[in-house]
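Each remark here refers to the structure printed beneath this line.
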Amino acid sequence: FDHLLENIEKEYLLEKLKELSVRMTEGSRAQYEALAGSEWEEAAKRNLIFFSVGTKLLDDSFLAEGPIEPAVSAELAKIERAEGIELSEVTGKEEDYSQYQPRGHYEGEEALERYFKAMMWYGRIHFEQKEETLDRSALLITKALADDADALRLWKRIYAVTSFFAGTSDDAGVCEYAPVLEEVYGRELTVK
């Protein structure tokens, strides 16, 4: 089982996750620029930071520039230290960064270590429904996926495989948010 999972991650999921991360970073950047000065700006900026951290974890050549750079650098430093509980720059909530220490078949191979950290990042950082601004981030992520058919296809492929091996997510995600977005805002929803 472990050998099968390792091969699937190396040969398939790693590249799909890199591509998805880049696409979502680009989509989040476009949303951030479109929503500058609005009540949704903070949520859009949070998403840009969130996906920039994931992209940087997978591809060291990625540059986070401008106003997001300090938060991205701070998150990456916490992930690399992997020393325990600290406040996340993204959610403002406590996060156990010791969980980002690669283990098992991920340990010792750079590509798999990068994949492990990125998947931990995407799986552990939650946009809880308890706070409106975090809800806004989740809605914008759903909208970014809806606006990019290739990103949505990548997400579905990754989620199908990872949920088969590890089980489905406990948190509300794209599948739960998309129908709500359509019901509340209609099919012709734009970021503006």
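The values are calculated or read from the model by the stated rules, or taken from the named source; none is laboratory data. Values in this document were obtained by computation on a predicted structure and should not be read as measured data. Heads up, the Cβs are rebuilt from the backbone with ideal geometry, glycines too, and the neighbour counts pull from every protein chain shown. In case anyone asks, the SASA skips ligands and DNA or RNA and just uses the protein heavy atoms, side chains included. Shrake-Rupley method; radii C 1.70, N 1.55, O 1.52, S 1.80 Å.
In table form, for the structure just shown:
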quantity	calculated
Base-10 log of normalised Debye intensity for the stretch 95-192 (one unit scatterer per alpha-carbon) at q = 0.13, 0.14, 0.15, 0.23 Å⁻¹	-0.57, -0.65, -0.73, -1.33
Surface share of carbon and sulfur [accessible, 1.4 angstrom probe, percent] for the chain	50
Helix axis angle, 174-185 relative to the chain longest principal axis, alpha carbon, degrees	0
Rg ratio (alpha-carbon, reference 2.2 N^0.38 Å) - the chain	1.00
Computed E for THR190/GLU65 - FRET, C-beta separation, R0 22 angstrom, nearest 0.05	0.25
Accessible area of the stretch 1-52 divided out per residue, in Å², using a probe of 1.4 angstrom	49
Packing-based order for 47-57, 107-117, using average beta carbon neighbours within 10 Å, highest first	47-57, 107-117
Extension reserve of the GLU86-LEU5 stretch, reckoned as 0.36 nm per residue once the Cα distance is removed	26.1 nm
Alpha-carbon spread of the stretch 126-169, three principal axes, descending order, Å	31, 25, 8
In order through the stretch 13-27: 3J(HN,Hα) via Karplus (6.51 cos²θ - 1.76 cosθ + 1.60), integer Hz, x for Gly, Pro	5, 4, 5, 5, 5, 4, 5, 4, 4, 5, 4, 6, 5, 5, x
HN-Hα J in Hz across the stretch 124-132 - Karplus 6.51, -1.76, 1.60, θ = phi - 60°, x for Gly and Pro	9, 7, 10, 9, 5, 7, 6, 10, 4
Charge-dipole axis of the chain as Lys and Arg at +1 and Asp and Glu at -1 on Cβ define it, positive-most pick from VAL53, LEU76, ILE141	ILE141
Value at 222 nm in deg cm²/dmol, rounded to 500, when DSSP H runs of n ≥ 4 in the chain each add -39,500 (n - 2.57)	-20500 deg cm²/dmol
For the stretch 75-130, the Rg and Dmax computed from alpha carbons only, in angstrom	11.6, 38
Cα centre as origin, Lys/Arg/Asp/Glu Cβ charges: the chain dipole, Debye	340
Phi to ³J(HN,Hα) by Karplus 6.51 cos²θ - 1.76 cosθ + 1.60 over the stretch 69-75, Hz, x for Gly, Pro	4, x, 5, 4, 4, 5, 5
Of LYS117/LYS143; LYS78/LYS192; LYS10/LYS192; LYS45/LYS130, pairs whose Cα-Cα distance is over 30 Å	LYS78/LYS192; LYS10/LYS192
Theoretical gain in end-to-end length, THR133 to GLU109 [0.36 nm per residue, Cα-Cα removed]	4.9 nm
